[in-house]
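Each reported figure results from applying straightforward, stated rules to the coordinates on display, with no laboratory input. Note that the structure is predicted; figures quoted are calculated from it, not measured. Neighbour counts are summed over all protein chains in view; Cβ atoms, including those assigned to glycine, are modelled from backbone coordinates with ideal geometry.
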Amino acid sequence: MPSTPDTSSSEGPTGRPMPKFGVPEILVDHGPARVVAVCNQKGGVGKTTTTINLGAALAEHGRRVLLVDMDPQGSLSVGLGLDAHNLETSIYDVLHGDTHVTDVLERTEVENMDVVPSNIVLSAAELQLVNEVAREQTLSRAIAPVLTDYDVVLIDYQPALGLLTVNALTASNSVLVPLECEYFALRGVALLQDTIAKVQERLNERLVLDGLLATRYDAQTIHRREVLHRLVEVFGDSVYHTVIPRTVRFPEATTGGVPIIDYAPRSPGARAYRQLALEVLARWDAE
Ligand code: ADP
Ligand code: MG
């Protein structure tokens, strides 16, 4: 549930009254982390951008954040300025069981935010994992030793519903779904819900849907506005009040290897991710 809506506030982009999200409490003790899979089987919908910027915005509130790159394309690692092609070790070695996760962790430019990087080598893991015992739990086992060091772990992964994705869902407490407002998005969410339900039933019964996040949103386009309102009709409070606007600042920030909230802190995109962090924390508090 979202935090108590302040009904006196004006209508937000989703067509509902925009609640005011309070300042989150300062944490004295840290961990164990809530693990959140940032998931959509479609590419280019803002998964990596959301992982980096929500992570950075949560870190601003003193949350200790770990980002895990589970995409063989390594866009998250590149987006944080790492030289993904020349990593000595990566998430692949951790999944393979050769290396402890703490030996792969890298600090980022953002205080309180670390990353487990990945690169193309990870694409071999999908096949290799098939022969493992309890292959769906490999990631969960691999990150378990560091969960007490963090408050939030965000897992970014590839646009597919394969074994790496099932590993990410099995390791997670909840799923955050970034999506673009187009008609096929609704069908995509239904497919994803099927996968979540299967993982819940067979592998990880605590898994819940955190919320649906409209990204790359252009309020000028009637079509997008209609789809957003339809999304709210179908999925109700699962749709975040916060909407991420479409802005050229995001591709620029990615090239710069820094989160937009640092690259262009006053831009509408940075403000949106900061608000998302408050909304997400309010939801978690209300659970
Ligand atoms: P995914 O991880 O789902 O494939 P990305 O986060 O990599 O998606 O985003 C795909 C592309 O869209 C990137 O070039 C990114 O910079 C750009 N992008 C992401 N969010 C926005 C936005 N709100 N406005 C404009 N461009 C965006
Ligand atoms: Mg990505």
Quiz item: Semi-axes of the stretch 33-118's equivalent ellipsoid from the Cα gyration tensor, sqrt of 5 times each eigenvalue, largest first, rounded to whole Å?
Solution: 19, 16, 12
Practice problem: Let me know the Rg and Dmax you get for the stretch 115-253 when you use only its Cα atoms, in Å. | Solution: 16.9, 51
Quiz item: Under 17 Å from the Cα of LYS20, which aspartates and glutamates turn up, not counting those fewer than eight places away in the same chain?
Solution: ASP6, GLU11, ASP237, GLU279, ASP285
Exercise. Compute log10 of I(q)/I(0) for the chain with the Debye formula, placing one identical point scatterer on every Cα and leaving out solvent, at q = 0.08, 0.09, 0.10, 0.14 Å⁻¹, to two decimals.
Key: -0.31, -0.39, -0.49, -0.99
Quiz item: Considering every Cα-Cα pair within the stretch 1-144, what fraction, in whole percent, is farther apart than 24 Å?
Solution: 42 percent
Quiz prompt | Total charge dipole magnitude, the stretch 48-157, about the Cα centre, Cβ charges on Lys, Arg, Asp, Glu only, Debye to nearest 20 | solution = 240 debye
Practice problem: Would you kindly state how much longer the chain becomes between ARG266 and LYS198 on full extension, computed as 0.36 nm times their sequence separation minus their alpha carbon distance, in nm to one decimal? | Solution: 20.4 nm
Quiz item: Per the Kirkwood treatment, what hydrodynamic radius in Å, one decimal, follows for the stretch 218-274 from the mean inverse distance over all distinct Cα pairs?
Solution: 12.7 Å
Quiz item: Length gain on complete extension for the stretch ALA286 to SER123, per 0.36 nm per residue less the alpha carbon to alpha carbon distance?
Solution: 54.9 nm
Quiz item: Name the residues of the stretch 10-40 whose amide N is less than 19 Å from a point 7 angstrom out from the Cα of ALA219 along the C-beta direction?
Solution: 10-21
Quiz prompt | Ranked VAL110, VAL133, criterion: other C-beta atoms within 10 Å, fewest first | solution = VAL133, VAL110
Quiz prompt | Charge-dipole axis of the chain as Lys and Arg at +1 and Asp and Glu at -1 on Cβ define it, positive-most pick from TRP284, GLY44, LEU147 | solution = GLY44
